[in-house]
Every structure is written in C-alpha cells, then in structure tokens.
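Since every read-out is calculated from the coordinates, none of them should be taken as a lab result. For clarity, every value in this text was computed on a predicted model and none was experimentally measured. No Cβ is skipped: glycine too gets one built from the backbone with ideal geometry, and neighbour counts run over all protein chains shown.
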Amino acid sequence: MGKWVGVMMVATAVVVMTLGCSQGPSGTAPIIEDKTYTVTPASVQVKAGIVTGDVTEMKVTERVEKGSDRVVSPAKLTGKLVLKNSSKDQAVRLITGKIQYIDAQGQPIKLSEAQTEPTIKFATYGAETLDPGKDATQSLDVDFPAEALKAKKLKEIRLELAYIPSPYKEETVNFTVAIGGQ
C-alpha cells in the first residue's frame, strides 16, 4: 500500500508539472489603430432652397490592424452639419438627410453590403423645426465606401435634404380689459 501511495504521488507531481506549469502559446493581441484620411476642403457651405449652412470638420476614419493593415472597422465620414433657415416668413421642418458619394463619372459609389445607407435623422425635439433665421447643429457619423478611398475615385459628396416649409406669421391681437369692475 505504501508503494502504491508513492507511485500516485509521483504521478500526480508529473501531471501537475506538465499541465499546471506549462505555458501555452503567448500570442499578443493585435494593435488596432485609427487611420484618418483628410477631406479637402474640410469645410463647405451648402444651400438647398431656403436652408443654408456649413459642413465642417470633415474627415474619414477607419480602424485597421497595425502591421497587416487589415480593416477592423469600415470607414466612416464624420463632421458637423449646421443648417440655418434663411427665410423671413417660413418655418422649416427638417425630415431627413441623405449622403451620396459621387465618382469622377458622376455615378454614385456603392457601399459594401455590411454598411448602412448614410442618412441623417433630425430626431431630437426642437432640432427638426427651424423658425426663420434659426439654426440647428447635427453631428455627422455615417458609413463611407472603401472604394472611395482609392486615389482620384471620389469627386464629390452629395447631401440631399428633405424638409417641409410652412408659412410663418407673427400677428398682434389687442383686446379690451377692465380691472375690478371699473
């Protein structure tokens, strides 16, 4: 019996040493970095009917694995959109915006199947309605086609705005009153 216990102890020690103390492959996690592309010009003025404004701080960013340049997250166009109602007598209800990327031949550049159509939703309360002379600011963060990152492929970015204008009037009403039965 004592011999049996000794053999078991040695066997257990060998198992512990081979399994417990062995080191598996020490793979290092890939380093992910943002690859930023400048958009020239970075700021533009826009006008669609009575809605005017600026698109500023534009840039395209994709996340890639350092060394292999494998794309981890597809490219995104970011920036800031400021729209102003330039009318003196119409309010504007902003519905939606759509962005298209246009190539040198004037054709839209398609997104990959994994990407979503680049739309802007004016959903925050109050930001969707612009009274005359008022403005609203909206962040841009939309998918960008990888094909457009190739040299001389992208010619322009098209912003289509959908809005509803409605008459805006200010009227004055006077009414007669008396205080304390006078």
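For Lys150, the aspartates and glutamates whose Cα comes closer than 13 Å to its Cα, not counting residues fewer than 8 places off in the same chain, are Asp103. Applying both filters, DSSP loop and at most 13 other Cβ atoms within 10 Å, to the trypsin sites (Lys or Arg not before Pro) of the range 46-104 gives Lys66, Arg70, Lys88. For Gln90, nonlocal amide neighbours, meaning residues 5 or more places apart or on other chains whose placed amide H falls under 5 Å from its own, are Tyr168.
Put simply, the convex hull of the Cα atoms in the range 32-167 casts, on average, a shadow of 8.9 nm².
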